[in-house]
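I have placed the structure first, in the form of structure tokens, so that the comments after it can refer back to it.
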Amino acid sequence: MMLRLSSIVVLALVLAACGEDDEAAVRSDDVPSTSGTGTEPGPPGGDLPFGLQRCPAEMTLVSAPEDWYRDEPVYIANEMPVEQVRAWAVDQPGFEDIWIDREHNGWLSVAFSEGAEARQAELEERFPGVGVVAVPVEWTEAELVALRDEAFGAMEDAGFQVGGSHGVHTGLVEVWVGELIEERLAPLAPFAGPRLCVTGVEPEDVIRPGPQPESGDGWRLLGTDRTGASYRTGIATTDEQYAALWRQAGLDGEPPSVGFDDEVVIWFGAVYGSGCEIRMDDVVFDLERRIVHGDFVIPGVHQGCNDDANPEAYVVAVERSALPEAPFDVQLDADDPPAGAPEERTTVTEDLRSPGATIPG
């Protein structure tokens with residue numbers, strides 16, 4: 001649950017708004033590349049209060065009739081003539097958007113809200129040998145933008161944070177509401193329909209705010225503060241090592257007493273993105289994988305978290321009897337450390353389950 005958050009914080013954690021940047025489909029230097037297609041976009045829904053529907057986990061993207069496609073050409077990278085096709089398309093009646101369809105050999109999809117069959121014939125004549133199709137859509141970008149703005153405005157008027165996007169290639173306005181409860185869904189009731197979908201967190205999945213636990217099975221908290229280094233861990237088996245580890249964690253005051261006959265000390269140099277403060281709910285002793293790691297959570301509901309790496313130190317005493325067989329690793333969470341942060345993992349080669357056993361240093 002660190003900045004990668006396994007990555008919880010990178011954060012997109014989690015809980016990030018679905019969809020692409022609103023302008024992505026119309027910028028000349030950033031044409032969306034899609035990998036899922038279909039002729040009937042939109043979520044299967046109405047399963048939420050007020051007839052609202054959830055955004056699907058995998059978006060269904062609109063495509064042309066199958067017999068408008070050919071087996072060739074096949075585009076591997078971005079060699080398709082995007083700008084040439086766009087320059088022609090923007091002057092045609094009913095033009096709405098252009099994107100790359102990876103499910104159809106990387107062909108260009110050009111959406112038209114009117115006259116798509118005529119535009120298809122013109123495309124074949126004007127761009128012979130080019131992989132491009134006219135895609136008929138029953139909505140316009142202007143309609144989607146208006147729906148998005150109205151839905152966002154209703155949420156903001158009700159005092160709720162809101163996020164999301166719209167896409168001609170999906171035919172959807174996606175609205176992030178946070179927790180999926182009636183209070184937050186009610187402002188969107190007037191907009192329920194096939195063009196709007198909702199994303200958020202189920203109430204049972206929300207991690208509720210609460211105090212930092214002081215202890216758990218096999219461990220007790222010695223100190224915590226927003227100090228020290230991020231993506232770091234350490235272990236101490238003597239008073240001298242403990243004092244050095246306490247200083248390394250950046251904690252003030254005298255460290256609480258520890259009985260090293262029965263305990264060792266572990267430092268978790270955790271990290272969080274501002275706006276998404278973390279809490280350590282447990283210390284996990286994974287005997288099978290021979291890993292000791294923290295269980296870090298982000299209380300509340302967040303649309304996204306800043307990707308700044310702020311440190312938070314947790315120093316705990318753990319019972320020797322709870323430790324895995326040597327060799328074992330101490331790390332921040334169950335996943336491997338992220339690339340570029342090998343110092344996160346502390347490998348212990350000594351059997352510390354024996355009373356008073358120590359590590360060098």
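The values are calculated or read from the model by the stated rules, or taken from the named source; none is laboratory data. As the structure is a computational prediction, the values presented were derived from the model and not from experiment. Cβ coordinates were reconstructed from backbone atoms using ideal geometry, including for glycine residues, and neighbour counts include every protein chain displayed. Please note that ligands, DNA and RNA were not included when accessible areas were found on the heavy atoms of the full protein model with its side chains. Shrake-Rupley method; radii C 1.70, N 1.55, O 1.52, S 1.80 Å.
Some notes on this structure:
- Sulfur and carbon atoms: percent of accessible area, the range 211-296 [1.4 Å]: 44
- Integer Hz, Karplus 6.51/-1.76/1.60 couplings in order for the range 50-64, x for Gly and Pro: 6, x, 6, 10, 6, 6, x, 4, 10, 5, 8, 9, 5, 9, 7
- Residue-normalised accessible area of the chain, expressed per residue, 1.4 Å probe, Å²: 45
- Think of it as helices only: each DSSP H run of n ≥ 4 in the chain is worth -39500 (n - 2.57), and spread over all residues that comes to -4000 deg cm²/dmol at 222 nm.
- Accessible surface ranking for 155, 59, 1.4 angstrom probe, highest first: 59, 155.
- Other residues within the sphere of radius under 10 Å centred on the Cβ of residue 320, judged by their own Cβ, net out at -4 (K and R +1, D and E -1).
- Share antiparallel - DSSP beta bridges, the chain, percent rounded to 5: 70
- Calculated FRET value between residue 321 and residue 204, using beta carbons and R₀ = 25 Å, to 0.05: 0.15
- Note on residue 54: accessible area is roughly 80 Å² with a 1.4 Å probe, heavy atoms of protein only.
- GluC sites (Glu not before Pro), loop per DSSP, at most 12 other Cβ atoms within 10 Å - longest free stretch of the chain: 139-213
- Estimated inter-spin distance, residue 214 and residue 57, nm [label 7 Å along Cα→Cβ]: 4.1
- Estimated inter-spin distance, residue 239 and residue 308, nm [label 7 Å along Cα→Cβ]: 4.0
- One chain, two ends: residue 71 and residue 350. Fully extended at 0.36 nm per residue, the span grows by 94.3 nm beyond their Cα-Cα distance.
- In this structure, the amide hydrogen of residue 196, modeled 1.01 Å from its nitrogen in the peptide plane, lies closer than 5 angstrom to those of 173, counting only residues at least 5 positions away or on a different chain.
- Fully extended contour minus Cα-Cα distance, from residue 150 to residue 295, at 0.36 nm per residue: 48.2 nm
- Vicinal HN-Hα couplings computed from phi for the range 92-109 (Karplus, 6.51 cos²θ - 1.76 cosθ + 1.60; Hz; Gly/Pro x): 8, x, x, 5, 10, 5, 9, 8, 9, 10, 5, 6, 10, 6, x, 5, 7, 9
- Full-extension gain in nm, residue 78 to residue 124, via 0.36 nm per residue minus C-alpha separation: 14.6 nm
- Peptides 160-167, 295-302 ranked from most to least packed, by the mean per-residue count of other Cβ atoms within 10 Å: 160-167, 295-302.
- Label of the coordinate-derived value, volume of the Cα convex hull per residue in Å³, listed as (i) 136; (ii) 166; (iii) 145: (ii)
- Sequence-separation-based contact order of the chain, relative, with Cα cut under 8 Å and 6+ spacing, percent: 18
- Given +1 at the Cβ of Lys and Arg, -1 at the Cβ of Asp and Glu and no other charges, the dipole of the chain around its Cα centre is 560 debye to the nearest 20.
- Taking the Cα centre of the range 151-259 as reference, the dipole from Cβ charges on Lys and Arg (+1) and Asp and Glu (-1) amounts to some 320 debye.
- Across the options 93, 332, 172, the greatest Cα extent toward the positive end of the charge dipole of the chain (unit charges at beta carbon of Lys, Arg, Asp, Glu) belongs to 332.
- In this structure the amide hydrogen of residue 97, modeled in the peptide plane, comes within under 5 Å of the amide hydrogens of 111, none closer than 5 places in sequence on its chain.
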